[in-house]
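Data first, discussion second: the structure below is written as structure tokens.
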Amino acid sequence: MNRRLIVLPVALVLCLAQAAWCETPRTWLDANLNDLVALYRHFHAHPELSFEERETAARLAKEFRAVGAKVAEQVGGHGVVGVLANGAGPTLMLRADMDGLPVAEETGLEYASQVRTKNERGATVGVMHACGHDVHLTNLVGVARYLAAHRDSWRGTLLLVGQPAEERGAGAKAMLAAGLFRNYPRPDFALALHVDASSAAGTVGYLGGYALANVDSVDITIRGRGGHGAYPHTTIDPIVIAARLVLDLQTIVSREVKPIEPAVVTVGSIQAGTKHNVISSECRLQLTVRSYAGQVRQQLHEAIRRKTLAAAASAAAPEPEINISEGTPALWNDPELAERLGQVFRRELGQQNVIQAEPSMGGEDFGRYGRAGVPILMYRVGAVASDRLARYTKAGEQPPSLHSAHFYPDAEPTLRTSVSTMAAAALELLAKRVKKRVATD
């Protein structure tokens with residue numbers, strides 16, 4: 001008779017021996033989901049802009065302390081770090097972003113945000129969690145609560161991270177610069193999730209490799225010589241130069257970038273002038289630029305500069321100003337980690353509710369933690385109840401997208417899926433393991 005050793009998670013062994021003892025994340029949620037939904041509604045109703053997440057950070061720090069974590073605040077701005085140690089073992093980082101968007105909410109929800117504030121330019125704007133960060137925050141608290149209440153099921157260290165300024169692409173960089181991986185346990189793995197505004201609640205999607213794009217913001221100021229609209233020959237019209245430039249920029253992707261390489265150049269804003277018959281002295285353009293490969297990213301930057309300078313030179317205009325800022329690197333999910341946790345998701349939700357996600361040209365600064373040498377996975381969680389999706393389909397409409405004033409997740413099924421899958425992933429990565437002899441002939 002041959003004998004071989006099989007290593008099993010101790011929680012599974014104990015559950016097999018005493019089924020009543022075993023409380024899975026999904027069964028735990030049966031008794032705790034209502035409290036999480038109430039917390040979600042609090043976060044949703046009290047959003048704060050990037051770099052201004054004071055109250056959000058304070059509440060998150062309170063929640064971390066409540067589960068027994070040692071907490072540090074003001075890490076890279078309003079960043080919050082909680083360390084929950086539970087014996088020798090790996091370190092797992094779980095991250096949630098905290099900031100809202102300058103969007104006036106139009107969902108009509110009873111807990112809709114009524115927040116109004118001044119933005120960095122002094123204009124009054126509405127503020128809304130239009131990108132699901134309220135779900136991300138609540139999910140992190142839910143997973144931390146579950147793991148803190150089930151310490152016998154895992155060993156190692158949880159690094160709980162509330163990150164500021166994701167919408168500006170700056171929060172991860174700031175926290176890393178402030179010593180996140182130097183002053184606190186360096187993670188062996190890092191997980192995050194993002195709500196998906198077009199997928200059914202109860203489903204998740206994941207993808208190894210490139211999942212989200214390099215993102216750069218480009219600000220261009222075309223300078224001219226202002227004057228009377230009736231005498232254009234005495235002026236250098238920056239609006240005409242900008243109009244030419246907008247069209248020229250579109251040829252970068254269509255005629256300069258290799259067709260199989262993903263790339264986007266979008267002019268999102270063009271502003272100039274004050275009156276019908278006045279030619280302004282300058283015109284401002286704002287671009288978002290997306291790519292995956294580093295070489296393509298650099299190619300786009302250089303082409304934008306070249307075409308901008310050429311457009312100005314063609315009209316004998318002064319040299320324009322070109323600023324590239326708020327850059328976020330592409331997010332690369334560790335393929336091995338993705339496949340390992342994909343199996344966990346399928347066990348948790350069923351094969352039919354787990355999909356291989358497609359790459360997106362959206363951006364996320366969670367990728368910076370991967371660039372710092374930590375295997376990462378960001379996965380997507382469906383956020384719209386199936387019956388609501390069906391109504392949109394029947395009406396021939398698309399559901400509201402992220403960043404829309406009309407977007408909202410269906411909190412209960414979304415949180416049930418997010419907390420159960422992330423907690424199950426954490427138990428996989430931090431599992432206590434025992435050796436059990438199995439006889440084989």
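In what sequence, highest mean first, do 348-357, 138-147 appear when ranked by Cβ atoms within 10 angstrom?
138-147, 348-357
Quick one: which of 264-273, 302-311, 40-49, 404-413 comes out on top by average Cβ neighbours within 10 Å, and what's the full order, highest first?
Packing order, densest peptide first, comes out as 40-49, 404-413, 302-311, 264-273.
Expected output is a single nm value to one decimal: the length gained when fully extending between Gln352 and Ala177, i.e. 0.36 nm times separation in residues minus the C-alpha distance. What is it?
Roughly 58.9 nm would be gained on extension.
What 222 nm value per residue comes from the helices of the chain, counting each DSSP H run with n ≥ 4 as -39,500 (n - 2.57) and dividing by all residues, nearest 500 deg cm²/dmol?
Dividing the helical sum by the residues of the chain leaves -11500 deg cm²/dmol.
So which aspartates and glutamates pass the test for Lys275, namely a Cα distance under 17 Å, with those fewer than 8 places away in the same chain ruled out?
Qualifying aspartates and glutamates at Cα under 17 Å: Asp237.
If one computes the Cα centroid of the stretch 200-234 and of the stretch 410-430, what distance in Å separates the two points?
With the stretch 200-234 and the stretch 410-430 each reduced to a Cα centre, they are spaced 35 Å.
Want the number for Asn34 to Ala293: 0.36 nm per residue separation, take away the alpha-carbon distance, what's left?
Once the chain is fully extended between Asn34 and Ala293, it gains 88.9 nm.
May I have the convex hull volume per residue, in Å³, for the Cα set of the stretch 214-328?
Residue-normalised Cα hull volume stands at 88 Å³.
Over the residues of the chain, compute the C-alpha Rg and express it relative to 2.2 N^0.38 Å.
1.12
DSSP beta bridges in the chain, what fraction antiparallel, as a percent rounded to 5?
DSSP beta bridges in the chain are roughly 75 percent antiparallel.
For a protection proxy built on the mean count of beta-carbon atoms within 10 angstrom, sort 77-85, 230-238 highest first, please.
77-85, 230-238
Within the stretch 66-91, whose backbone N sits under 16 Å from a point 7 Å along Cα→Cβ of Ala58?
Of the residues in the stretch 66-91, 73-75, 78-80 have backbone N under 16 Å from the label point off Ala58.
Structure shown: which of Lys258/Lys307; Lys173/Lys432; Lys118/Lys307 lie over 26 Å apart, alpha-carbon to alpha-carbon?
Violating the 26 Å limit, Cα to Cα: Lys173/Lys432; Lys118/Lys307.
Determine the dipole magnitude for the chain: charges of +1 sit on the beta-carbon of Lys and Arg, -1 on that of Asp and Glu, nothing else is charged, the reference point is the Cα centre, and the result goes in debye to the nearest 20.
So the dipole magnitude of the chain works out to roughly 1160 debye.
The numbers here are math on the coordinates, done by the rules we state, and not lab data. In this text the structure is predicted, and so the values were computed from the model without any measurement. In this analysis, Cβ positions are derived from the backbone assuming ideal geometry, glycine residues included, and neighbour counts consider all displayed protein chains.
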